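Okay, structure first, notes after.
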Amino acid sequence: MSAISSSPGDPTIRILLMGRNDSGRSSSGNTILRENKFKKHESEVCEGQTQIGDIQVYVIDCPDLLNPDLNKEQQEMMKEQLVSRCSAGLSSVLLTIPLEQPVQNEEEILDYIKCLFGPEVQKYIMILFTYEHELDQTIAEHLKHKDHVDLQRLVTECGGKFHCFNNRITSDNQIQELLHKIEGKMLENGGKFIMKQMKRSDSKASLFQESFQQEIQVHLAHKRKDQIRLVLLGKKLDQGKVPLEMPLSAETCFNSEEMM
């Protein structure tokens, strides 16, 4: 999938919430919507909407697609639901991270988002820290602590963009501040992130797409290793030369358009 930007003069904001289970993801969606729309441990991608001032706000709550308890059929179903619900465009992708817990699979979720939507989505990703009420210091002091190097790395990877939520209060200030940050990034990026699905009709393309998904899984499984090397064997799909051996580093993300 590739990305283009829509007109910034759109009176709607579309937010995608991603994050592991028990990260405060669904609760954050409920805080934005100001109603208990999303339930914990949902097995499907859900969507809600609300009116905030002159802006129509849509919130998409996506379960952890990398949850090892999900089988392949469940993962594929939720991935299709996610792509469908995001087809109208995204103003922001919020990765929810609980401040009182160690970092777990957030790096892998980030990689999955970029591999699924394309590298341009990086400009729209913001970290949403949850459980702010449990901090006994400022967020800046918390991030600077030597024990929170993983959090610092995630913030840096997302361009330094983050926001904090206390889902135990009903204050509109934290919501307005979040929407202000999202609108600022939309203005900077020239509008929403829009997915454009690549059209593939022949059998070779279908086989390659299946192989592509396997490569994503290999990449995520080995994310924490220094480096691995894969030897890809198979018939070429065109007359161009494709290297048989390529390094798979922590930043590798396969692009099917480049390899076909």
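The values are calculated or read from the model by the stated rules, or taken from the named source; none is laboratory data. Values in this document were obtained by computation on a predicted structure and should not be read as measured data. Please note: Cβ atoms are built from the backbone with ideal geometry, for glycine as well, and neighbour counts cover all protein chains shown. Ligands, DNA and RNA are stripped out before the accessible areas are found, and what is left, the full protein with its side chains, is counted by its heavy atoms. Shrake-Rupley method; radii C 1.70, N 1.55, O 1.52, S 1.80 Å.
Can you pull out every residue in the range 162-186 that is surrounded by 15 or more Cβ atoms within 10 Å (Cβ to Cβ) and touching a helix residue (DSSP H, G or I) at 6+ places or on another chain (Cβ under 7 Å)? F162, H163, C164, F165, N166, N167, I175, K185, listed by residue number.
Quick one: which strands (runs of 3 or more DSSP E) lie wholly within the range 1-103 and hold at least 2 residues that are at pLDDT 90 or above, of a type outside the set (K, R) and surrounded by 15 or more Cβ atoms within 10 Å (Cβ to Cβ)? Walk me through it before giving the result.
Working: elements: 2-5, 12-18, 46-52, 55-61, 92-98.
In the range 1-103, 12-18, 46-52, 55-61, 92-98 are the strands (runs of 3 or more DSSP E) which contain 2 or more residues that are at pLDDT 90 or above, of a type outside the set (K, R) and surrounded by 15 or more Cβ atoms within 10 Å (Cβ to Cβ).
Considering (1) open to solvent by less than 60 Å² (accessible area, probe 1.4 Å); (2) at pLDDT below 85; (3) of a type in the set (K, R), the lone condition that K146 does not fulfil carries the number (1).
Looking at the range 74-81, can you tell me whether even one residue there is within 15 Å of the chain's Cα centre (by Cα) and in contact (Cβ under 8 Å) with a residue 60 or more places away in the chain? No, that holds for no residue. Only one of the numbered conditions (1) open to solvent by 10 Å² or more (accessible area, probe 1.4 Å); (2) in contact with an Asp or Glu (Cβ under 9 Å, 6 or more places away or on another chain); (3) in a helix (DSSP H, G or I) is not met by Y112, and that is (2).
Kindly provide the set of residues from the range 115-140 that are part of a loop (DSSP other than H, G, I, E, B) and either β-branched (V, I, T) or buried (at least 21 other Cβ atoms within 10 Å of the Cβ) (or both), ordered by number. Walk me through it before giving the result.
The initial filter retains those residues of the range 115-140 that are part of a loop (DSSP other than H, G, I, E, B), namely 118, 131, 135-138.
Within the range 115-140, T138 is the sole residue that qualifies.
Residues in the range 161-212 that are over 23 Å from Q49 (Cβ atoms) and at pLDDT 90 or above: K161, F162, C164, E188, G190.
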